[in-house]
Amino acid sequence: MLGSTGSIGVNTLDLVRQFPDHFKIYGLVAGRNLELLAKQIKEFSPRCVAIKNEEDISRLRGLIGRRRVEILWGEDGAAAVATAGEVEVVLAAIVGAAGLMPTLRAVKAGKEIALANKEALVMAGELLVDAAKKKGIRLLPVDSEHSAIFQCLEGNRRDEVDKLILTASGGPFLHTPLKRLDKVTVEQALKHPNWKMGRKITIDSATMMNKGLEIVEARWEFDMEPNRIDVVIHPQSVVHSMVRYQDGAVIAQLGVADMRIPIAYALAYPHRLKGQWEALELTRHRELNFLPVEKKRFPALGLAYEALNEGGTMPAVLNAANEVVVTAFLERKIGFRDIHRVIDKTMQSHGARRPRAIDDIVEVDRWARARASSLIH
C-alpha cells in the first residue's frame, strides 16, 4: 500500500477491514503522518513499512511499542516494500511525483498495479506502459473517472470507440463570477461540493487541473489520441465518465461519490464486492446536468491539452509546476489565478524532448520545480 495515510490509503484499508478473507496487508508506505501509520500498523500487522525520513524511525518505534515490523525509509525503502516477493498487488496512491519511482519499480518487478497515482502516468506514461507490457501485467485504474471508462470498455471493441468522455464536477467555483476568482481563499478552494479528498487534489479540482492530468492519464491508460478525449461538466458527480462508440451510443458508469467503490473494483477485478457503502438510488437524482467547459474559467485544462499535444517531457513539466504552485497557494504565497499563470510560463520556458530513460524525466521534473519556484519568489 503506497500512500497508506492519504485519503485513498485510508479508504483502501477500510476495504481490507471489511474483507479480511480477500485481502492481507504485507507492507505500508507513508510520509510523515506517523500517528496514523502507527495505528494502521497496530491494526493490520504488516511485515514491513517505509516512511519518508530516516530520522523519524525512532519516533515511529516509540509509537508502535514492541510490535515486530521492519521499518525502512526513503524512495528505496518504499520500492523495497512494493517489490517484495510476497506482494501480489501494489496499490499506488502516493500523491504527486514522489509515487513515480516506487510504482515503476513495482511494475518492473512484475506486480499487478492498482493505480491511483495519476502523476506517474502523466510524467512517464510511455515508459510505464511499455514496462507493464514487457512484464505482462495490468495497470488497473483506481481514479473514479478511469475506473468508469475501464468498466464502460468491458465487453466492447476498442477499435469501435469514438471518444472517451471524462466528467468533472466543476468544483467550488463553477458559478463564481470570473472577476472574483483572483480573490478566492484557500478555505473556499478546499470546499469541494461532492468529494472528500486530500488538500492537493481538492485544489486541483478547483482549478480543473485534476481533469487535465486525467486526460494525460487516459491517453496512456487506454491508448487513446488526445483529440478523442473530451471533458464535460457534470455537477452532480453521479455519472463518473462515459464512452461514446462509433454508432453514436454512449455507455456511462454511475454511482455514489465514494472512492471505496472504484478501489474495490480494481483490487477484486474482475469480481465485484458487496461492501458497506450506499447504493445509488436514481429516484433521488431528478436531474443530471451536463455542461461545456468554460475555457476562461478553467485555463488549466487547456494547458494539459497543450502539454499532451506537445508530448515528450512537457507533461512532466506541467505536473511538476502544478505541484509547486498548488503548495504555494496552500501556503498563501500566491493567488488562485496565479496557479495557471505560473504553470503556463514554466511550460513556455521548456523545450520538450522525448525521454529515453526515467532519469530524463527526473531531470526535467527537477528543472521544472526550480523554474516554477523562481517565478513565484
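Note on Leu63 and Val256: their simple-model spin labels are 3.0 nm apart, each label 7 Å out from Cα toward Cβ. Measuring against 32 Å, Cα to Cα, the residue pairs Lys135/Lys345; Lys200/Lys295; Lys133/Lys333; Lys52/Lys274; Lys39/Lys133 contain Lys135/Lys345; Lys133/Lys333; Lys52/Lys274; Lys39/Lys133 as the ones spanning a longer distance. Mean residue ellipticity at 222 nm, helices only, the chain: -14000 deg cm²/dmol; runs of at least 4 DSSP H residues each add -39,500 (n - 2.57), and the sum is divided by the number of residues. Highest mean packing comes first when the peptides 203-211, 345-353, 163-171 are listed by Cβ atoms within 10 Å, giving 203-211, 163-171, 345-353.
Can you list the residues of the stretch 2-19 with backbone N under 16 Å from a point 7 Å past the Cα of Glu86, pointing along Cα to Cβ? It comes to 2, nothing else. Pairs of alpha-carbon atoms within less than 8 angstrom and 6+ residues apart define the contacts here; what relative contact order does the chain have, in percent? Across the chain, relative contact order equals 15 percent. Entry note, the stretch 311-377: relative contact order of 52 percent, from Cα contacts under 8 Å with a spacing of 6+ residues.
Find how much the distance from Ala109 to Arg337 grows on full extension, using 0.36 nm per residue of separation minus their present alpha carbon separation; answer in nm with one decimal. If you can, show how the numbers build up before the last one.
On the way: separation 228, 0.36 × 228 = 82.08 nm, distance 4.17 nm.
Difference between extended and current length: 77.9 nm.
In the chain, a dipole from Cβ-located charges (positive for Lys and Arg, negative for Asp and Glu) runs towards its positive end, and of Asn33, Asn117, Ser169 it is Asn33 whose Cα lies farthest in that direction.
Assuming 0.36 nm per residue, please report the length gained on full extension of the stretch Arg284 to Gln348 beyond their Cα-Cα distance. Display every interim value, and only then the final one.
On the way: separation 64, 0.36 × 64 = 23.04 nm, distance 4.67 nm.
Answer, rounded to one decimal: 18.4 nm.
Less than 19 Å apart at the alpha-carbon level, and either on another chain or at least 8 residues along: which lysines does that give for Lys196? Candidates past the 8-residue exclusion: Lys118, Lys211.
Modelled this way, with points 7 Å down the Cα-to-C-beta line, the labels at Arg158 and Glu294 are 3.8 nm from one another. Considering only alpha-carbon pairs that sit under 8 angstrom and 6 or more positions apart, the relative contact order computed for the stretch 7-137 is 18 percent. What FRET efficiency, computed as 1/(1 + (r/R0)^6) with R0 = 30 Å and r the Cβ-Cβ distance, is obtained for Arg17 and Glu54, rounded to the nearest 0.05? The computed FRET efficiency comes out at 0.50.
Any chance you could run the full-extension gain for Leu178 through Lys274? It's 0.36 nm times the residue separation minus the Cα-Cα distance, nm to one decimal. Write down the numbers at each step before the final one.
On the way: separation 96, 0.36 × 96 = 34.56 nm, distance 4.34 nm.
In short, 30.2 nm is gained.
The trypsin sites (Lys or Arg not before Pro) of the stretch 56-130 that meet both conditions, a loop assignment by DSSP and at most 16 other Cβ atoms within 10 Å of the site Cβ, are Arg66, Arg67, Arg68. Dividing the Cα radius of gyration of the stretch 7-137 by 2.2 N^0.38 Å, with N the residue count, gives 1.03. Between the stretch 188-237 and the stretch 333-370, the C-alpha centres lie 19 angstrom from each other.
Bear in mind these aren't lab numbers, they're just calculated from the coordinates by the rules spelled out. In this text, all values refer to a predicted model and were calculated from it rather than measured experimentally. Ideal geometry is used to build each Cβ from the backbone, glycine not excepted, and the neighbour counts take in all protein chains shown.
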